[in-house]
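A quick write-up on the structure given underneath.
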Amino acid sequence: ALEEEDSQPRHVSQIRRANQSALPDSEQKTRELIEQSHPTSIARLYPAYGSLPKTRVDLICTWKTTTAPTVMTTMTTQTNVHGQLHLPGLAVRPRMYSKGCPLTLTCVHPSSVKHNFGRKKKHSNNTEGEEEGNYINPAKVELQVTIRNRLVENTVDFEFALEKSVEFEFMGSESFVWDALKGGDELTLPLTAIIPKPGVYNLQTIRLSVKNSNNVILREGETEETKSIPYLFPLQWMVDVKDDPSLP
């Protein structure tokens, strides 16, 4: 009966489970984490497990557009135009060195928030009750920031800091130092932005300063005695905060 069962064709999921059960525990956990990643992420497209994880990729971008007939051309019908862009040798997972920042910075946050700000605070010189200044009930916007070490075989020491903003504040610690973030590891931390009034805000005010070591190539004008290299990320974490008096 067992021989007859073994001779039957197996489903793809059965084969996958059998292969995963034969893997070492560490590699199986890595596979499980990768499967939880976004389908278009580097972790899913170019897994880090195995003896030779991919560090560089060759990317081909294809595009297509349709041109409509115009009075400036002799075309009388629509035309499909195709093209390709080849990007060879892109470094997606450097092993030990990085010309840029060895850390990546991402954030999960809402794009819009509705909040009941209440009435505005009255100015001390305002005797007529005209509404001025900030509202009495500021909004709180939750963020989840992830810092990842891009280097595969080196640790990174860095300092995290929040730049001051005149438009809003952050609740909690504004800076800390993290030693020896391992290659490929991530550090996730929650943040809460205090928004005083309705408006559109860019919540990205994070600065990362990487301590100079063997995992960072010195830039022009820097020396071995440089304590750290600061990086400001050209990211925009935009959130539209709206006042909704109907909310409690």
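The values are calculated or read from the model by the stated rules, or taken from the named source; none is laboratory data. Since the model is a prediction, treat every value here as computed from it, not as a measurement. Here the Cβ is made from the backbone with ideal geometry for all residues, glycine too, and neighbour counts use every protein chain on show. Side chains included, ligands, DNA and RNA excluded: accessible areas come from the protein's heavy atoms. Shrake-Rupley method; radii C 1.70, N 1.55, O 1.52, S 1.80 Å.
Projected label points at residue 90 and residue 192, each 7 Å from Cα along the beta carbon direction, are separated by 3.9 nanometres. For the pair residue 82 and residue 140, what calculated FRET efficiency results from E = 1/(1 + (r/R0)^6), where r is the Cβ-Cβ distance and R0 = 51 Å, to the nearest 0.05? The calculated FRET efficiency here is 0.55. For residue 107 paired with residue 247, estimate the spin-label separation in nm (one decimal), with each label point 7 Å from Cα along the Cα-to-Cβ line. Result for the modelled spin labels: 1.8 nm. Length available on full extension from residue 59 to residue 177: 0.36 nm per residue minus the Cα-Cα distance, which gives 38.9 nm. A 1.4 Å probe, protein heavy atoms only, puts the accessible area of residue 238 near 80 Å². Extending 7 Å from Cα along the Cβ direction at residue 233 and again at residue 67 yields two label points whose distance is 4.1 nm.
A 1.4 Å probe run over the range 138-178, with the rest of the protein chains in place, finds 54 Å² accessible per residue.
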